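Asker: Right, I'll just put the structure down here and ask away after.
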């Protein structure tokens, strides 16, 4: 059972819980649709050649929700989509992740969509 009465301070003054709640200042929360611009996130750009694939030629990028990722590749993407049930050579389950396969045989897996910047254009 919750007591709706509480004491405040050392003077022994008693206030109801409702009075305490009413005393809390209201905080105005504005959604982006309210016209308040949120700060733009800067895209992190990585070069495909700088990534180290495992023995099967796979790279798993964990993260990306907080910062958009862009991959610069000097080769074309040969396949992309959502991964079927698959475990990488490193033992990571990439089922359901976004994947991008490249001409060199490297396959990237990511939690989110990636922007692939290559000679053939962005994917």
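Asker: Counting only residues that are under 20 Å from the mean Cα position of the chain (by Cα) and under 17 Å from residue 102 (Cβ atoms), how many does the range 57-68 have?
Answerer: Of the residues in the range 57-68, 3 are under 20 Å from the mean Cα position of the chain (by Cα) and under 17 Å from residue 102 (Cβ atoms).
Asker: Grab the strands (runs of 3 or more DSSP E) fully contained in the range 42-123, keeping just those with 1 or more residues being surrounded by fewer than 16 Cβ atoms within 10 Å (Cβ to Cβ) and out of contact with any strand residue (DSSP E or B) (no Cβ under 6 Å at 6 or more places or on another chain).
Answerer: 77-82
Asker: Then there is this: Of the conditions (1) more than 22 Å from the chain's Cα centre (by Cα); (2) modelled with pLDDT under 95, residue 71 clears all except one; give me its number.
Answerer: (1)
Asker: Modelled with pLDDT under 75 and either touching a helix residue (DSSP H, G or I) at 6+ places or on another chain (Cβ under 8 Å) or outside any loop (DSSP other than H, G, I, E, B) (or both): which single residue out of 26, 15 fits that description?
Answerer: Within the list 26, 15, the selection yields 15.
The values are calculated or read from the model by the stated rules, or taken from the named source; none is laboratory data. Treat the numbers as computed from the prediction; the structure is a model and nothing was measured. All Cβ positions, even for glycine, are placed from backbone atoms using ideal geometry, and neighbour counts span all protein chains on display.
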